[in-house]
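The next block holds one structure in the form of structure tokens; read it before the comments.
The values are calculated or read from the model by the stated rules, or taken from the named source; none is laboratory data. Because the structure is predicted, anything quoted here is derived from the model rather than measured. With ideal geometry, Cβ positions are generated from the backbone for all residues, glycine too; neighbour counts draw on all protein chains shown. Ligands, DNA and RNA are stripped out before the accessible areas are found, and what is left, the full protein with its side chains, is counted by its heavy atoms. Shrake-Rupley method; radii C 1.70, N 1.55, O 1.52, S 1.80 Å.
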Amino acid sequence: MRFHVMTLFPDMVMQGLRTSILLRAEEKGLVSFEAVNIREYTDNKHGKVDDYTYGGGAGMLMQAQPVYDCWDSIQRRLPGKARVVYLTPQGKVFSQQMARDLAEEEDLILLCGHYEGIDERVLEEIVTDEISIGDYVLTGGELAAMVVIDAVSRMIPGVLGNHDSSDTESHMHGLLEYPQYSRPEEWHGKKVPPILLSGDHAKVDAWRMEQAVERTRIRRPDLYAAFMEANPDYGKPKGRKKRPRPAKDSPETG
Ligand code: ADE
């Protein structure tokens, strides 16, 4: 999958993406990243990309022309019409389900705004999806684009090592992750729960499931309610027990 980021700060984006797991994924040819500088597409010699807002108000707005020409130069190189994600606090709040959906694309263009935003007319022409990464306001879309790219990339087969956990996630049924421990067995007087040292895999799995459910109940009542709706028999005395199912639109919080 190829990610194309339209930004005024290409170095920030490339440095953020070319690290750790995403760097390895790019080296393996599973993903590729490019950051295209919108400023290179201005039609004025000063490289100006912003101007005052009609109707007044504080701050500057990114102008339509350089954004459009930057998008056009990327789109012309692609084999088909790519989705264009504009990162904005006004967008749909990002979720695991949206990451899974975007991971189906061959090419994805991400548009990062700065200043007070972008002229609405160019957004109307090129943007297919508007995404917010949460109900707070950042100084620009770059960090949000990196969040989206990270979450989408890890959905792509081969990006995570096999021990890792698109798998674990799907076992987690839209619940929060259970607590985990590594060596030593005792640290600062705290012992690893003995069941994890028992070697009894069935018991360990059952314990982890209980922990995940309890943690979700306490920390995320919304996810817990969705899980219980999908698994009404969970926790009831055993008869013929069904395998737990993910909640509808399970966020697979892993
Ligand atoms: N740009 C500024 N704030 C943002 C947010 N919360 N999500 C996505 N893009 C943004």
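Couple of notes before you dig in:
- Of the criteria (1) surrounded by fewer than 12 Cβ atoms within 10 Å (Cβ to Cβ); (2) in a strand (DSSP E or B), which one residue 111 fails: (1)
- Selection status of residue 181, within 16 Å of the ligand (Cβ to nearest atom) and of a type in the set (Phe, Trp, Tyr): no
- Looking at 122, 93, 137, just one residue is open to solvent by 50 Å² or more (accessible area, probe 1.4 Å) and either touching a Pro at 6+ places or on another chain (Cβ under 7 Å) or under 19 Å from residue 53 (Cβ atoms) (or both), and that residue is 137.
- Within the option set 109, 131, 118, 149, being more than 28 Å from residue 231 (Cα to Cα) and either away from the ligand (no atom under 14 Å from the Cβ) or free of Cβ contacts under 8 Å to residues at least 24 places away in the same chain (or both) holds for one residue only, 109.
Each row is one residue, and each column tells you yes or no for (1) touching an Asp or Glu at 6+ places or on another chain (Cβ under 8 Å); (2) over 19 Å from residue 131 (Cβ atoms); (3) assigned to a helix (DSSP H, G or I).
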| residue | (1), (2), (3) |
| --- | --- |
| 6 | no, no, no |
| 15 | no, yes, yes |
| 66 | yes, yes, yes |
| 81 | no, no, no |
| 85 | yes, no, no |
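- Number of positions in region 27-43 that are closer than 19 Å to residue 143 by Cα and of a type outside the set (S, T, N, Q): 7
- In region 56-75 there is no residue matching the filter, namely being without any contact (Cβ under 8 Å) to a residue 12 or more places away in the chain and open to solvent by 70 Å² or more (accessible area, probe 1.4 Å).
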